[in-house]
Amino acid sequence: PVLASCSTSVRNLQESISIVQCPSECQVNGGTVWGTDVYTDDSSICKAAIHAGILGNNGGLVTVEKTPGQQSYSGSARNGVITSNYGSWTGSFVFHGFSKPPTPKPTEVPTQKPPVIGSCSTTARNLQESISIVQCPSECQVNGGTVWGTDTYTDDSSICKAAIHAGILGNNGGLVTVEKTPGQQSYNGSASNGVTTSNYGSWPGSFVFHGSSKPPTPKPTELPTQKPPGSLLRQTRVSNMTCLSDLVNVKV
């Protein structure tokens, strides 16, 4: 083994992997140490070994491996030794026989955009993302716009009123997660949770709620398919009208 002092660093070693004999009292007498688990190659080996939990203050043998430099080193307090942060450095070292991984990767927190502040009339067409969190206000059971469908709704339906219908929210509002989905050939209306939704035929876009997998109890009351009078038809859906009688109120 290489006989070391408390200030010996990896730069003093000839081999890429070396066994080093550390003296006692390096917890106090050792030089500066930068990093945690992976240390800069000019750090005190023996003091770093105490910090890493490989040795106590009485010294002993450690196996050291030289490793490439890193973009940054994070300091920490362990076993009575405080190490320092540092930025980019050309060389590093780690200890063999240490059960922790040499470069622990911090837990990545998934990036989540803030919720979209919705109104009772906000629809999925107003959302930029395919999956969005929407903050619904209160009183949308009465003030919300029209809703078409059950569980899967047309993308021009009121999100917040649909959320009440689906049982995701009450009339006090709250957060819902909305996912845009492809259009369907038909949408069935129903009455649920104080909200009545309408039937509709083919439509190019839909949305569903995440977390809406509760059992369908009670089952929503199916509404009979009935074409509304011409005065109630949505102008954006004129292409679905099949009867000339529906057009009597349309100005030519």
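The values are calculated or read from the model by the stated rules, or taken from the named source; none is laboratory data. These numbers come from a predicted model, not from an experiment. FYI the Cβ positions are ideal-geometry reconstructions off the backbone, even for glycines, and counts take in every protein chain you see.
Among the residues of segment 33-56, is any more than 31 Å from the chain's Cα centre (by Cα), part of a loop (DSSP other than H, G, I, E, B), at pLDDT 90 or above and loosely packed, with under 13 Cβ neighbours inside 10 Å?
No, there is no match, as no residue in segment 33-56 is more than 31 Å from the chain's Cα centre (by Cα), part of a loop (DSSP other than H, G, I, E, B), at pLDDT 90 or above and loosely packed, with under 13 Cβ neighbours inside 10 Å.
Any chance segment 154-167 includes a residue that's modelled with pLDDT of 95 or more, over 27 Å from the mean Cα position of the chain (by Cα) and either assigned to a strand (DSSP E or B) or in the same structural domain as ALA48 (by TED's automatic domain parsing) (or both)?
no
Can you tell me which residue is nearest to ILE117 (Cα to Cα) among those in segment 141-150 that are modelled with pLDDT under 95 and touching a Ser or Thr at 6+ places or on another chain (Cβ under 7 Å)?
The residue in question is GLY144.
If you check GLY201, GLY189, GLY144, which single one turns out to be surrounded by 21 or more Cβ atoms within 10 Å (Cβ to Cβ) and in contact with a helix residue (DSSP H, G or I) (Cβ under 6 Å, 6 or more places away or on another chain)?
It is GLY144.
Anything in segment 122-132 that is in a strand (DSSP E or B) and surrounded by 16 or more Cβ atoms within 10 Å (Cβ to Cβ)? List them, or say none.
Step one: list which residues in segment 122-132 are in a strand (DSSP E or B), which gives 131-132.
Within segment 122-132, SER132 is the sole residue that qualifies.
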